Every structure is written in C-alpha cells, then in structure tokens.
Amino acid sequence: MNAILASGEAATKNQKARAVDMKLEVAVIPVADVGRAKNFYTNLGWRVDADFVRGDGSRAVQLTPPGSPSSIHLGEKSVLFLVVSDIEAARTELAEHGVEITEVFHRGNAGPIGGPAPNRASYGSLASFSDPDGNQWVLQEVTTRLPGRVDTNVTTFTSATELAAAMHRAAVAHGEHEKRNGGQRDENWPAWYSEYMVAEQAGKPLPL
C-alpha cells in the first residue's frame, strides 16, 4: 500500500513540475512510393491533411485515420513528432531531465537553420532528440492549427498549462488589437479572447 501511495505521490509531483504538454501527434512511417502509399490510405477512408512540396524539395503528406487524434506522415525513415505550444520551454524541460537535445531550429531550402522559425510561425520551430535505442523524436511548436486538421466545432484544452499558453497568446494579440483601436480598453475582451482562441485552434482566420 505504501508503495502504491509513493508511486501516486511521485506521479502528482511530476505533473505539477511539468512545464508544457507534449502531445504524440504524428508518426512518420517509411514508404517506398509516397503516391502509392497515399492512395492506399485514402482508399481506407483516411483524411488527407496535407500534400505539398517543402522548400528543400521533399514531399510532405499527412493522413489521419477516422476519429484519431494522431496522424501519420509518409517518409523515408521512422520519426515520432511531439507537438508543443512553447518549444523553448519544452526543450528546457527535457534538457533538465538529462536528454541530449538539439538547439531549436527551423527548415531552410538548404537544410536546417539555427533558431526558431521567423515570427515563430506555427509548425516551423523544431528540436530533436533520440532515446537510448536510437528512436528519433522531434518537437514541433504548433500554436495555430492548419485548416482541416481539427474539428472546427470542438475546442479542447487538455491541461491548465495548455489553456494558460493559449490565453497568453490571446492576451498579446488583444494588446495589438487595442492599439489598432486607439489604445482604448476593450470592455468586451472576454468575447474577443474566446473568438481568438477558438479560431487559433481550428485554423480559422484570427480576429484583428
């Protein structure tokens, strides 16, 4: 019984110490022919979230099984993606646990470029690490969802940390909104915050 209590106390302590949520969102699966693989999965009824050519010439294809919160990418090697709302905080937390993790970087036409993506563009800032068995993990900062990635009728936050991060981004954006309107206090700020946070998560145009 004491061992069970100790385990529960340790779990609670770890949850309180957590700086940022890390969501297992994408698994890259190796395929020999991207087009053939895409046809196979779409024939199963999987949703196509993205199909485009990156700046470095590689093709990015993402699909999601019906009702699944996680997706797959079609690629050359196996990689697992953890989506975070604050990549600097997530990287610091992992480093404090002794993980050897890269500095934050973003993709360029000629390869990785050090530092976050310009303007901290959603999906652009990355950091990577490997476990003792060589499995590769990639942190990806996502703050504004691409259209079609989530159900636009449902807005969810899985923790107080995630909700606080969304509210902070809304507060910063609302400050710019007030500046554009002559610096006057917006008494209807709760409605503006709500509209901003829902639009951000659904990938819809953000209010100005």
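Every number in this text was worked out from the coordinates using simple rules, so none of it is lab data. Quantities reported herein were computed from a predicted structural model and do not represent experimental measurements. Note: ideal-geometry Cβ built from the backbone for every residue, glycine included; neighbour counts use all protein chains shown.
Counting other beta carbons within 10 Å of each residue's own, what order do Asp131, Asp186 fall into, fewest first? Could you put the intermediate results ahead of the total?
Working: Asp131 10, Asp186 14.
By the 10 Å Cβ count, ascending, the order reads Asp131, Asp186.
Exposure proxy for Val31, Val83: other Cβ atoms within 10 Å of each Cβ, ordered fewest to most, give Val31, Val83.
For Ser125, Ser194, what's the fewest-to-most ordering of other Cβ within 10 Å of each Cβ?
On the way: Ser125 25, Ser194 13.
Ordered from fewest to most neighbouring Cβ atoms within 10 Å, Ser125, Ser194 come out as Ser194, Ser125.
Label the chain by shape, choosing from rounded, prolate and oblate, from the square roots a ≥ b ≥ c of the eigenvalues of the Cα gyration tensor; if a/c is under 1.5 it is rounded, and otherwise prolate applies when a/b is larger than b/c, oblate when it is not. Oblate is the answer for the chain, as a/c is 1.5 or above yet b/c matches or exceeds a/b. Modelled spin-label separation between Val198 and Ala95, with each label point placed 7 Å from Cα along the Cα-to-Cβ direction: 3.9 nm. Under 20 Å of direct C-alpha separation, and excluding same-chain neighbours fewer than eight residues apart, Lys23 reaches these aspartates and glutamates: Asp49, Asp86, Glu88, Glu93, Glu96, Glu100, Glu103, Asp131, Glu141, Asp151, Glu162, Glu200. Relative contact order, whole percent, for the range 79-119 stands at 24, derived from Cα pairs under 8 Å and 6 or more residues apart. Distance between the modelled labels on Phe52 and Ser68, one decimal in nanometres: 2.2 nm (7 Å Cα→Cβ projection). Below 8 Å between Cα atoms, with a sequence gap of 6+, how large is the relative contact order for the chain in percent? So the answer I get is 17 percent. A simple spin-label model places pseudo-atoms 7 Å from Cα toward Cβ; at Thr155 and Lys77 they are separated by 4.0 nm. A Förster distance of 35 Å, applied to the separation of the beta-carbon atoms of Arg120 and Asn39, puts the FRET efficiency at 0.50. The helix-based estimate of mean residue ellipticity at 222 nm for the chain, built from -39,500 (n - 2.57) per DSSP H run of four or more residues and divided by its residue count, is -11000 deg cm²/dmol to the nearest 500. Mean sequence separation of contacting Cα pairs (under 8 Å, at least six apart), scaled by the length of the range 19-141, corresponds to a relative contact order of 26 percent. Bridging of Lys77 to aspartates and glutamates at a Cα separation below 13 Å is possible for Asp33, once same-chain residues fewer than 8 apart are set aside.
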